[in-house]
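Heads up, the thing below is written out as structure tokens.
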Amino acid sequence: MNFEEYRAKPLLEKSGIAVPESALVRDADAARAAAEKIGRCVVKAQVPTGKRGKAGGIKLAATPEEAKFHAQAILGMEIDGYQVEKLLIEAQVPIARELYAAVLNDAGSRNPMILFSMMGGMDVEEVAETDPEAMRKIPVDIMRGFDLAMARQALEGCGLAEMEGAVAEVLVRLYQAYRDYDAELLEINPLVLTDDKRVIALDCKLTIDDSAAPRQAELAEQAAPELMTPLEAKAQQAGLKYIALGGSVGVLANGAGLTMTSMDAITHYGGKPANFLEIGGEAYTKAKIALSILLENQEIRSLLVNFCGAFARTDVMTEGLVSAWKELAPDIPIFFTIHGTGEEEAVKIVRAELGLEPFDLMDDAVKAAVAAAAEAA
């Protein structure tokens, strides 16, 4: 789940991190009225994506009339596929220095990672490329946590002088907010030092793990709508998770882990997966809609079916898929690999109904699907 800036910043403020005065508006006249109250301001497009400034979605305004002018230009603008319908009118602050701070999930250590740089306001990728040492990476033992002493140690040698303590406190509070809200990423860019010795978050990017929705029910309702293709939207309406990937080998498997393993294997053997679509134990009832969604992708040249049953029975999943396959009658080759609960019955169904022989090894099924896709290209 991704959150727009105006949703994320109050969470920072609630955690004790200062943010500028601001007002959310939806039209140019409201932007002007907000600027009359706030004074010199920044007019900021509210969409759940980065690089708004480069797209022309962030403008400085010295007067209410200028704020209205910029609002008229930004509203309706498209940024990275999102249409701008809301603006944040935010007070300008006297910036002395721009910093960067973030906490994210680190896949390598399976723990949180705090990032900090004295080069805020720039693309993180640019900082990493031009000067890798400029980005400090502070691994955190999730069982131990992150305290003020650790933060001060992490900031040693940064040249923050008398502001080091205040910045350290922000890092501690940022980490706590990351934990409190089940974040995958909580980023402040820029985190600024002001001329009058304050530390203020001028922007905030927040991404929360989808699986945390039951724990963060109120917050989850505020998440920005996903930008989806028509097929992705169709799958969501059917209760399925579909992601188009641009390849030619279709993938249908039960469980997200097995689906991703199948995709990795396709790539390993020289192919390119066409999609992510896991169907799980609902294959019997949802096989037809899942298969029809896959087949609407005209780039698919072969289909890999990988079922592995533990609690879900592979014969029940296979029966549902085979029935859908016969009804839809697609003109592409299909390759099965089936293991686990009910596999003997599942294999018999494929043999009897489709006249095909499932592969004993997943790798062999993947190789065959990749080769068939390449031949049909």
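Points worth noting:
- Spin-label model, residue 96/residue 310: points 7 Å from Cα along the beta carbon direction are separated by 5.5 nm.
- Applying the criteria of a DSSP loop state and at most 15 other Cβ atoms within 10 Å to the chymotrypsin sites (Phe, Trp or Tyr not before Pro) of region 280-377 yields 311.
- The chain shape via C-alpha gyration tensor axes, a/c threshold 1.5: prolate
- Candidate residues 204, 308: accessible-area rank, largest first, probe 1.4 Å: 308, 204
- With the helix formula -39500 (n - 2.57) applied to DSSP H stretches of n ≥ 4, the chain reaches a computed 222 nm mean residue ellipticity of -11500 deg cm²/dmol.
- Within the straight-line cut-off of under 15 Å between alpha carbons, the aspartates and glutamates reachable from residue 51 are 4, 5, 78, 80, 123, 125, 126, 187, 203, sequence neighbours fewer than 8 places apart in one chain being disregarded.
- For the chain, the longest principal axis of the alpha carbon atoms and the long axis of helix 256-268 meet at an angle near 80°.
- Model label zone, residue 377; criterion: amide N under 19 Å from point 7 Å along Cα-to-beta-carbon; scope region 287-314: 297-304
- Within straight-line cross-link reach of residue 288, lysines at Cα separation under 22 Å, skipping those fewer than 8 residues along the same chain: 234, 241, 326, 348
- Simple label model, 7 Å out from Cα along Cβ direction - residue 344 to residue 18, nm: 7.3 nm
- Solvent-accessible surface (1.4 angstrom probe) belonging to residue 146, in square angstrom, nearest 10: 20 Å²
- Checking every one of the trypsin sites (Lys or Arg not before Pro) in region 199-267 against DSSP loop status and a limit of 15 other Cβ atoms within 10 Å picks out 215.
- Zone residues, region 10-37, relative to residue 85, backbone N less than 19 Å from point 7 Å out along Cα-to-Cβ: 24-31
- Among the listed pairs 14/197; 9/37; 137/272; 9/68, those beyond 27 Å (Cα-Cα): 137/272
- Taking the alpha carbon gyration tensor of region 279-356, multiplying each eigenvalue by 5 and rooting it gives semi-axes of 20, 13, 11 Å, largest first.
- The chain: angle of helix 362-376 to the longest principal axis, Cα-based, in degrees nearest 10: 90 degrees
- C-alpha center-to-center spacing [region 321-377, region 38-103] in angstrom: 52 Å
- The candidates 339, 70, arranged from most to least accessible area with a 1.4 Å probe in the full protein assembly, appear as 339, 70.
- The accessible surface of the chain, taken with every protein chain in place and a 1.4 Å probe, is 50 percent carbon and sulfur.
- Rounded to 10°, Cα long-axis angle of helix 5-14 versus longest principal axis of the chain: 60 degrees
The values are calculated or read from the model by the stated rules, or taken from the named source; none is laboratory data. Remember, it's a predicted structure, so these values are computed and weren't measured experimentally. Heads up, the Cβs are rebuilt from the backbone with ideal geometry, glycines too, and the neighbour counts pull from every protein chain shown. Side chains included, ligands, DNA and RNA excluded: accessible areas come from the protein's heavy atoms. Shrake-Rupley method; radii C 1.70, N 1.55, O 1.52, S 1.80 Å.
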